[in-house]
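The values are calculated or read from the model by the stated rules, or taken from the named source; none is laboratory data. Predicted model only: the values in this text are computed from it and were never measured. Positions of Cβ are backbone-derived with ideal geometry, glycine not excepted, and every protein chain shown enters the neighbour counts.
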Amino acid sequence: MNILDMLSPDGQPDTPAERGAAEAICSRKGCRKPATTQLLWNNPKIHTPERRKIWLGCDDHAAWLEDYLKGRSLWKETRPLTPEGPA
């Protein structure tokens, strides 16, 4: 991932934790739709077993993101995105 991919169009940091659930957007490259799903994953080659990274998915891309993670044996769990934000 390029560091510039983490910036919003106005050049400010653009991560789910900084935006909160109300402004969370899909993690699929190029998508700016509101997220509805969180996909928890872990790369066992570099993360401890209990660590969970989170990607956010919109209605159009959640299944694609899940398939991508499953195909690489990284996927752990898919949950709805709650108003409180990511897990």
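Determine whether region 4-19 contains at least one residue that is of a type in the set (S, T, Y) and at pLDDT 95 or above. No: zero hits.
Within region 49-64, at least one residue is in contact with a Gly (Cβ under 9 Å, 6 or more places away or on another chain) and modelled with pLDDT of 95 or more. The set of residues in region 43-87 that are loosely packed, with under 10 Cβ neighbours inside 10 Å and touching a residue at least 60 places away in the same chain (Cβ under 8 Å) comprises P83, E84.
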